[in-house]
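Report on the following structure.
The values are calculated or read from the model by the stated rules, or taken from the named source; none is laboratory data. Since we're looking at a predicted model, the values are computed, not measured. Cβ coordinates were reconstructed from backbone atoms using ideal geometry, including for glycine residues, and neighbour counts include every protein chain displayed.
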């Protein structure tokens, strides 16, 4: 297996990688199929597009802005396209026009508020995050259809693709990679045999597909986007959208820490940084999927703290991201990072595992200590449910990012104080997470049908 660090970390918008970014990507790909169909058939009929959301996308899609994401994708926008744009203005224009421009000679009918259907019936059997795109002729006959799945972290699979793969993600072949590790065990074995660090092996693998300059530029762009997101969150106040009337807290907390530095703890700083990202994500602003949007605050918080409080260098930032990316790739290959598939253990748990590994690396940890740190962080998120109140990525998601960052730092610290020898291997922990997710009730997997989502009481 091989998944690039530049694919694992993606710049886009909130509030969800699986419910916002994935559907946007899928919708844009369907648009390309529609354009090809109309061009091939030389048709001038008045076609109509609709999208049917299934499973978790239907249950929590409104709170996750899935309908807006689909509309943006069908109008040709990608997540990175809208990261620095006024999305509300774009959506207002889409709502007014009720058409999609295919080319200078063709438009298609599409009404944002009518043509996206939230089907809360039975999920599609292949994956809980299913969506069906249809192109209809004037009589209502379907002439083109595509079934897609948003499988976590902004990645998508078509129906044909998801039936061809064993793991929950179709990834590039690792046959051309000098170090094709597909497990933590093989990663450690290859590191020992080569004498290279995990970061160095990951970099060598990446360079098979791009130049060193392209790779460094991509990593630096990811880091600067993370940094920008934190600083935006720390400087913004107000109420988050969605109806919970949840006040932003990161700015106020950060100001308190700055004014009372002698009382501020590492946990306080971590929570401020992670919650800043969580609040930006909840507002639908620019974030970096790391490895999901719901968990987008964990890795940036740990890395930002290291850079700002420990004078970390850009070279260390890259090593952190390479190492975190190596661990994230193994988790995605052997389990899932989708909350709809395995619960929040796959989101915050994976992010904490990746962050702990990255921190161990820049602190000078051995490959064995890095693997140990990743395992500790993941182990102590096992069984965590995904139960967002009102289907919004706010409660408990924003605070969970803070706790995930704190756990990641603690895991790295414990690992660095040890030799790297431990009882439970990371591969075993990942297997436990997958099995726990398979046996977890759908009520606790991003449907807002159980847990905290149904326990809130009105005062």
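Look through 376, 370, 398 and report the one residue that is closer than 21 Å to residue 152 by Cβ, touching a residue at least 12 places away in the same chain (Cβ under 8 Å) and assigned to a helix (DSSP H, G or I).
Going through 376, 370, 398 in turn, just one is closer than 21 Å to residue 152 by Cβ, touching a residue at least 12 places away in the same chain (Cβ under 8 Å) and assigned to a helix (DSSP H, G or I): 398.
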**Prompt:** Looking at (1) within 22 Å of residue 297 (Cβ to Cβ); (2) assigned to a helix (DSSP H, G or I), can you tell me which one residue 393 breaks?
**Reply:** (2)
**Asked** Has the range 350-368 got any residue that is more than 30 Å from residue 195 (Cα to Cα) and either modelled with pLDDT under 95 or within 19 Å of the chain's Cα centre (by Cα) (or both)?
**Response** no
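Yes or no, residue by residue, for (1) modelled with pLDDT of 95 or more; (2) surrounded by 14 or more Cβ atoms within 10 Å (Cβ to Cβ); (3) under 24 Å from residue 8 (Cβ atoms):
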{"site": "236", "(1), (2), (3)": "yes, yes, no"}
{"site": "241", "(1), (2), (3)": "yes, yes, no"}
{"site": "258", "(1), (2), (3)": "yes, no, no"}
{"site": "267", "(1), (2), (3)": "yes, yes, no"}
{"site": "273", "(1), (2), (3)": "yes, yes, yes"}
{"site": "280", "(1), (2), (3)": "yes, yes, yes"}
{"site": "301", "(1), (2), (3)": "yes, yes, yes"}
{"site": "306", "(1), (2), (3)": "yes, yes, yes"}
{"site": "315", "(1), (2), (3)": "yes, no, yes"}
**Prompt:** Which residue out of 224, 254 is more than 18 Å from residue 324 (Cβ to Cβ) and without any contact (Cβ under 8 Å) to a residue 24 or more places away in the chain?
**Reply:** 254
**Message:** With the condition being closer than 23 Å to residue 444 by Cα and in contact (Cβ under 8 Å) with a residue 24 or more places away in the chain, I'd like the strands (runs of 3 or more DSSP E) fully within the range 43-156 carrying at least 2 qualifying residues.
**Reply:** 48-54, 116-119, 130-136, 142-152
**Message:** Taking the criterion of being surrounded by fewer than 19 Cβ atoms within 10 Å (Cβ to Cβ) and touching a strand residue (DSSP E or B) at 6+ places or on another chain (Cβ under 7 Å), would at least one residue in the range 67-80 satisfy it?
**Reply:** yes
